[in-house]
Amino acid sequence: MIIILKQGSNKSEIAKLEENLRANGLKTNLIEGVEKSIIGLIGDTSKIDLDSLYAQDCIDSVQRIQETYKNPNRKMHPEDTVIEAGNVKIGGGSLQIIAGPCSVESEEQIMSTARAVKEAGATMLRGGAFKPRTSPYAFQGLRGEGLKLLLKARAETGLPIVTEIMSADDLPLFEDIDVIQVGARNMQNFELLKELGKTNKPILLKRGLANTIEELLMSAEYIMSGGNKNVILCERGIRTFETMTRNTLDISAVPLLKQKSHLPICVDPSHAAGVISLIEPLSLSSIIAGADALEIEVHCDPKKALSDGGQQLKPEVFAEIMKKIKSLCGYLGRDLG
Ligand code: PEP
Ligand code: MN
């Protein structure tokens, strides 16, 4: 339920109202916007007496939220959420380009790729240390050692780090990481989501291979209901009957999520396409659709990559795409970084 407050209402009256609502076992979330101020209510609102609410001077109107997802719902928070990660802001108009290898493989590989993506204009560095692989015999990642290498790359380039977690047991290792990624395969690992909800780390939550937009929003709800409001939603393609691409990028998810939610939206064209030649058109169309960030796989020597070699861009190809992204940003009046 949301309470829309009258413009210019008395602050102490609003504070008293919040106190009364909390005394009734509800969580309140006051959002003071430029256009309007609201109080979002979470909990059992069925016993609230609407007549006594309307009797209060500061209340303009009351709306019930029909959707099952409350915290990520734009009705609860009309303005875009902006999330700070290291020295960058995700959401609110700027565009972040998260680039780097699928997996961290060695010091030389991550350092040279980090330098190259920075040089081309990337604003954040990605790299998997804990890798969810279809086969248990495939490269599983350098794990803790990989995280240390990512921090080394950040120390040199200044790029904030995005990297995937697979188990809540590893959380202590992620203390210095800027953005924790929850991969598609873990989107509904509810125990992991609950643990991430207890932290205040920015979480990049990827849509599951066969999950609906509503299920993605419900997974965000799991994290946010625990107190962590720093969630970035990521569209990375879903499984369809199409076989020419690895997945099908659901481009309509981007404007739809923007309408339904206040959270920033990232698009991963690399895992969506699985094909190098599609990364540029999918990146540009995602920006036009309203993405706040892109996550793109880049490897200094893709032929030798230990995972996803077929979809990782060479740094020089990434640099060419970055030129087009920059000119599109200029055209759209959006800041990169
Ligand atoms: C990744 O980004 O490294 C990854 C495994 O992606 P996804 O979870 O979207 O498959
Ligand atoms: Mn990958």
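The values are calculated or read from the model by the stated rules, or taken from the named source; none is laboratory data. The model shown is predicted, which means the values in this text are computed figures rather than measured ones. Because the Cβ atoms are built from the backbone with ideal geometry, glycine has one as well, and the counts that use them run over all protein chains shown. SASA here: full protein model, heavy atoms, side chains in, ligands and nucleic acids out. Shrake-Rupley method; radii C 1.70, N 1.55, O 1.52, S 1.80 Å.
Residues of the range 7-25 being surrounded by 16 or more Cβ atoms within 10 Å (Cβ to Cβ) and either within 33 Å of the chain's Cα centre (by Cα) or under 16 Å from Gly40 (Cα atoms) (or both), which ones?
Ile14, Leu17, Glu18, Leu21
Scan the range 118-145 residue by residue and report those that are within 15 Å of ligand 2 (Cβ to nearest atom) and within 22 Å of the chain's Cα centre (by Cα).
Leu125, Arg126, Gly127, Gly128, Ala129, Phe130, Lys131, Pro132, Arg133
Show the residue pairs that are 6+ apart or on different chains and have beta-carbon atoms under 9 Å apart, the first residue being within the range 172-187 and touching a residue at least 60 places away in the same chain (Cβ under 8 Å) and more than 16 Å from ligand 2 (Cβ to nearest atom), the second being open to solvent by 20 Å² or more (accessible area, probe 1.4 Å) and assigned to a helix (DSSP H, G or I).
Asp178/Arg154
Can you tell me which residue is farthest from ligand 2 (Cβ to nearest atom) among those in the range 328-337 that are open to solvent by 20 Å² or more (accessible area, probe 1.4 Å) and within 24 Å of the chain's Cα centre (by Cα)?
Out of the qualifying residues, it is Gly333.
Report, ordered by the first and then the second residue, all pairs with beta carbons closer than 6 Å, sequence separation of six or more or different chains, a first member in the range 50-63 that is in contact (Cβ under 8 Å) with a residue 40 or more places away in the chain, and a second member that is in a strand (DSSP E or B).
Leu53/Ile59; Leu53/Val62; Cys58/Leu5; Ile59/Ile3; Asp60/Ile4; Ser61/Ile4; Val62/Ile3; Gln63/Ile2
Just give me the residues in the range 121-151 being open to solvent by less than 10 Å² (accessible area, probe 1.4 Å) and either among the aromatic types (Phe, Trp, Tyr) or over 21 Å from Ile203 (Cα atoms) (or both), in sequence order.
Of everything in the range 121-151, just one residue is open to solvent by less than 10 Å² (accessible area, probe 1.4 Å) and either among the aromatic types (Phe, Trp, Tyr) or over 21 Å from Ile203 (Cα atoms) (or both), namely Phe130.
Is it fair to say Thr134 is free of Cβ contacts under 8 Å to residues at least 60 places away in the same chain and either within 25 Å of Arg246 (Cβ to Cβ) or in the same structural domain as Cys266 (by TED's automatic domain parsing) (or both)?
yes
For the structure I just gave you, tell me whether Ala116 is away from ligand 1 (no atom under 13 Å from the Cβ) and of a type in the set (A, V, I, L, M, F, W, C).
So Ala116 fits the description; yes.
Answer yes if at least one residue in the range 171-192 is open to solvent by 40 Å² or more (accessible area, probe 1.4 Å) and β-branched (Val, Ile, Thr), and no otherwise.
There is no residue in the range 171-192 that is open to solvent by 40 Å² or more (accessible area, probe 1.4 Å) and β-branched (Val, Ile, Thr).
From the set of residues in the range 35-94 that are closer than 29 Å to Leu125 by Cα and hydrophobic (A, V, I, L, M, F, W, C), which is surrounded by the fewest Cβ atoms within 10 Å (Cβ to Cβ)?
Step by step, filter the range 35-94, then rank; the result is Val82.
Check whether at least one residue in the range 297-309 is free of Cβ contacts under 8 Å to residues at least 60 places away in the same chain and within 15 Å of Ala122 (Cα to Cα), and report yes or no.
Within the range 297-309, none of the residues are free of Cβ contacts under 8 Å to residues at least 60 places away in the same chain and within 15 Å of Ala122 (Cα to Cα).
Take the residues in the range 296-312 that are among the hydrophobic types (A, V, I, L, M, F, W, C) and assigned to a strand (DSSP E or B); name whichever of them is surrounded by the most Cβ atoms within 10 Å (Cβ to Cβ).
Of the residues in the range 296-312, the ones among the hydrophobic types (A, V, I, L, M, F, W, C) are 296, 298, 300, 305-306.
With the extra rule that they be assigned to a strand (DSSP E or B), the set shrinks to 296, 298.
Details: Ile296: 27, Val298: 29.
Looking at the filtered set, the residue picked out is Val298.
Quick check on my filter: what residues within the range 257-287 are out of contact with any strand residue (DSSP E or B) (no Cβ under 9 Å at 6 or more places or on another chain), within 16 Å of ligand 1 (Cβ to nearest atom) and open to solvent by 10 Å² or more (accessible area, probe 1.4 Å)?
Gly274, Val275, Leu278
Based on this model, can you work out whether Ile325 counts as open to solvent by 30 Å² or more (accessible area, probe 1.4 Å), closer than 25 Å to Pro202 by Cα, assigned by TED's automatic domain parsing to the domain that holds Thr113 and more than 16 Å from ligand 1 (Cβ to nearest atom)?
No: the conditions fail for Ile325.
Just checking, which of Gly337, Gly333, Gly290, Gly237 is free of Cβ contacts under 8 Å to residues at least 12 places away in the same chain and either away from ligand 1 (no atom under 15 Å from the Cβ) or under 17 Å from Met187 (Cβ atoms) (or both)?
So the residue among Gly337, Gly333, Gly290, Gly237 that is free of Cβ contacts under 8 Å to residues at least 12 places away in the same chain and either away from ligand 1 (no atom under 15 Å from the Cβ) or under 17 Å from Met187 (Cβ atoms) (or both) is Gly333.
Hey, among the residues in the range 155-170 that are over 16 Å from the mean Cα position of the chain (by Cα) and within 23 Å of Asp308 (Cα to Cα), which one's surrounded by the most Cβ atoms within 10 Å (Cβ to Cβ)? Give the derivation first.
Filtering the range 155-170 for residues over 16 Å from the mean Cα position of the chain (by Cα) gives 155-159, 166-170.
Filter again for within 23 Å of Asp308 (Cα to Cα), leaving 159, 166-167.
Numbers: Leu159: 25, Met166: 21, Ser167: 12.
That would be Leu159.
Residues to consider are Gly290, Gly208; find the one that is within 16 Å of ligand 2 (Cβ to nearest atom), within 17 Å of the chain's Cα centre (by Cα) and not polar (S, T, N, Q).
Gly208
Only one of (1) open to solvent by 10 Å² or more (accessible area, probe 1.4 Å); (2) at pLDDT 95 or above is not met by Gly100, so which one is it?
It fails just one condition, (1).
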